[in-house]
Amino acid sequence: MAVGILGGAFDPPHVGHVALARGGIEHFGLQRLLVRVVAAPGHKEVVAAVEARLELARLAFAEVAQVEVTLDRHARTVDSLQELSLEDPVFLIGADELVSFATWKEPGRVLELARLGVATRPGFPRERLERALASLPAPDRVEVFEIEPLPVSSSGIRERVGRGEPIDGLVPAAVAAEIERRGLYRPRAGLH
């Protein structure tokens, strides 16, 4: 069975994450895609509690039949992959993440445990991809595929919510409703 993994903070999940999931499922013929919500990422601060991010991810990917949303208690990808112990899964990342992949914990071991499915968008500088691939210990374990570009980021969404601006079209409707219901990403009273 072809299995993929998409990990992240999902703080919050957005339409770009869903497009990456759908593109990876289609390109690699994945029968299962494990969306792993990282409790405490080793490379970035998170704003929302993990329980809220898990619920947002469940709502974001609800219409993608192959997706299973699970909690990842590991801060680093290599540790998560070792625990999962799957047979040759495809770990989905964006092209920007490939550029910094050599700085990840044990990138060589990550490539032993999983193939990388790297989503790029039309116009992404090919030379940046080529340089990143050349720096890897096993570039044959990496496959690049193209998805529709969506100019959206979790940090940008948090900023918009903090300013009271709409996020329609940037996140699935159910995610927007849950962010509103929980009062996530709003400035705290008394803080300016």
**Message:** Quick check on my filter: what residues within the range 38-67 are assigned to a helix (DSSP H, G or I), in contact (Cβ under 8 Å) with a residue 12 or more places away in the chain and closer than 16 Å to Val171 by Cβ?
**Reply:** Ala52, Arg53, Leu54, Glu55, Leu56, Ala57, Leu59, Ala60
**Asked** Only one of Ala48, Ala60 is touching a Pro at 6+ places or on another chain (Cβ under 9 Å) and surrounded by fewer than 21 Cβ atoms within 10 Å (Cβ to Cβ); which?
**Response** Ala48
**Asked** Between residues in the range 11-30 that are basic (Lys, Arg) and residues that are assigned to a loop (DSSP other than H, G, I, E, B) and surrounded by fewer than 21 Cβ atoms within 10 Å (Cβ to Cβ), which pairs lie under 7 Å by C-beta distance while being six or more apart or on different chains?
**Response** Arg22/Val64
**Asked** If Glu159 satisfies every condition in (1) under 23 Å from Phe28 (Cβ atoms); (2) free of Cβ contacts under 8 Å to residues at least 40 places away in the same chain but one, which is the exception?
**Response** (1)
**Message:** Being of a type in the set (Gly, Ala, Ser), out of contact with any Pro (no Cβ under 7 Å at 6 or more places or on another chain) and touching a residue at least 60 places away in the same chain (Cβ under 8 Å): is that true of Ala174 here?
**Reply:** yes
**Asked** Restricting attention to the range 6-17, does a residue exist that is surrounded by fewer than 20 Cβ atoms within 10 Å (Cβ to Cβ), in a helix (DSSP H, G or I) and on the phi < 0 side of the Ramachandran plot?
**Response** yes
**Request:** Determine whether Ala114 is touching a strand residue (DSSP E or B) at 6+ places or on another chain (Cβ under 9 Å) and either under 24 Å from Pro13 (Cβ atoms) or at pLDDT below 90 (or both).
**Result:** yes
**Prompt:** Among the residues of the range 130-141, which ones are touching a helix residue (DSSP H, G or I) at 6+ places or on another chain (Cβ under 6 Å) and not in a loop (DSSP other than H, G, I, E, B)?
**Reply:** Ala132, Leu133, Pro139, Arg141
**Item:** Val46 closer than 22 Å to Asp79 by Cβ and β-branched (Val, Ile, Thr)
**Value:** yes
**Request:** Could you run through the range 149-167 and say how many residues are modelled with pLDDT under 95 and either part of a strand (DSSP E or B) or in contact with a helix residue (DSSP H, G or I) (Cβ under 6 Å, 6 or more places away or on another chain) (or both)?
**Result:** 2
**Request:** For residues that are surrounded by fewer than 19 Cβ atoms within 10 Å (Cβ to Cβ), of a type outside the set (A, V, I, L, M) and closer than 25 Å to Arg22 by Cβ, tally how many sit in the range 67-114.
**Result:** 9
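The values are calculated or read from the model by the stated rules, or taken from the named source; none is laboratory data. Just so it is clear, the structure is predicted and the values come from calculations on it, not from any experiment. Note that each Cβ is placed from the backbone with ideal geometry, even for glycine, and that neighbours are counted across all protein chains shown.
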